[in-house]
Amino acid sequence: LAKTTQPISMDSYEGQEVNITCSHNNIATNDYITWYQQFPSQGPRFIIQGYKTKVTNEVASLFIPADRKSSTLSLPRVSLSDTAVYYCLVGDLNNAGNMLTFGGGTRLMVKP
Amino acid sequence: NAGVTQTPKFQVLKTGQSMTLQCAQDMNHNSMYWYRQDPGMGLRLIYYSASEGTTDKGEVPNGYNVSRLNKREFSLRLESAAPSQTSVYFCASRGGVGQPQHFGDGTRLSIL
């Protein structure tokens, strides 16, 4: 299983762009990178997923360098409601039986 | 659109009691998963079911059993609850190759 390493916590202010980097040095060829957001008392919510280069959706962008040993989740113009824990997961999504390992996540605090 | 529904939302048990946590999804997903999340930590996989009729152990299966009742439902059973099993339990489902997991809002279980 590819292990991931993220910063434990980050602080930001409303309106700023936030970049959270995840290291996954032993990522395998078939592994995808997936990011989830979790609010207190709720289950994790899917944000974005990618394999290489850049992926963008309506809420975030995901940057993956050519060696795929790290990835960066970018949240544009954060608001107070983006305060949450963000998890980076790495795993082979082609196989339903493959386990996806959650690390400790990054606690993002957005301040007014 | 209910997604993944877990029941009950809260439960208090005494040591040695048994309990079944229920999970149902209405997205016609093939794969289903049970995780536990301890305070301040990420999620750990207990058991999963890659497809109807199959179940496999995850990272922390000891003390638990599961049943994939049909395509919609996946239950988790504690035969003899222990205080170490006090946690928040999340159920998730996944549709197919390359798809992310969708999570329920959890069952908060306290064992005295």
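A short reminder: the numbers here are calculations on the coordinates, not readings from a lab. Because the structure is predicted, anything quoted here is derived from the model rather than measured. Every residue, glycine as well, gets a Cβ built from its backbone with ideal geometry; the counts of neighbours run over all protein chains shown.
Which value, in debye to the nearest 20, describes the size of the charge dipole of chain B about its Cα centre when Lys and Arg Cβ atoms bear +1, Asp and Glu Cβ atoms bear -1, and nothing else is charged?
Working: 11 positive and 8 negative charges, 23 e Å.
Around 100 debye, computed over chain B.
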ask   = For labels at A:S79 and B:Q17 in the simple 7 Å Cα→Cβ model, what's the distance in nm?
value = 4.1 nm
ask   = Which residue, B:S75, B:S51, B:S18, tops the fluctuation ranking in a GNM of chain B built on C-alpha contacts under 10 Å?
value = B:S18
note = Extension length gain for A:S9 and A:N95 (0.36 nm per residue less Cα distance), in nm, is 27.8 nm
Mean-position separation - Cα centroids, the stretch B:7-86 and the stretch A:44-112, in angstrom = 25 Å
key: Relative contact order computed over the stretch B:1-103 (Cα-Cα under 8 Å; 6+ residues apart), in percent   = 33 percent
key: Ratio of Rg to Rh over chain A (Cα coordinates, Kirkwood Rh, two decimals)   = 0.96
query = Taking amide hydrogens as modeled 1.01 Å from N in the peptide plane, which residues meet the under 5 Å criterion relative to A:R107, leaving out close sequence neighbours?
reply = A:S9, A:M10, A:Y86
query = Hey, what D do you get for the stretch B:2-82 in µm²/s if you plug the Kirkwood alpha-carbon radius into Stokes-Einstein at 20 °C and 1.002 mPa s?
reply = 162 µm²/s
Full-stretch length increase - A:T29, A:K52 - with 0.36 nm per residue and alpha-carbon distance subtracted = 7.2 nm
key: At 0.692 mPa s and 37 °C, Stokes diffusion of the stretch B:51-94 via Kirkwood alpha-carbon radius, µm² per second   = 278 µm²/s
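Please average, across the residues of B:33-43, the number of beta carbons from any other chain that are within 10 Å of each residue's own beta carbon, and give a whole number. Kindly include the intermediate steps, with their values, before the conclusion.
Details: counts 3, 0, 4, 0, 4, 0, 0, 4, 4, 13, 11.
Other-chain Cβ atoms within 10 Å of each residue's Cβ, averaged: 4.
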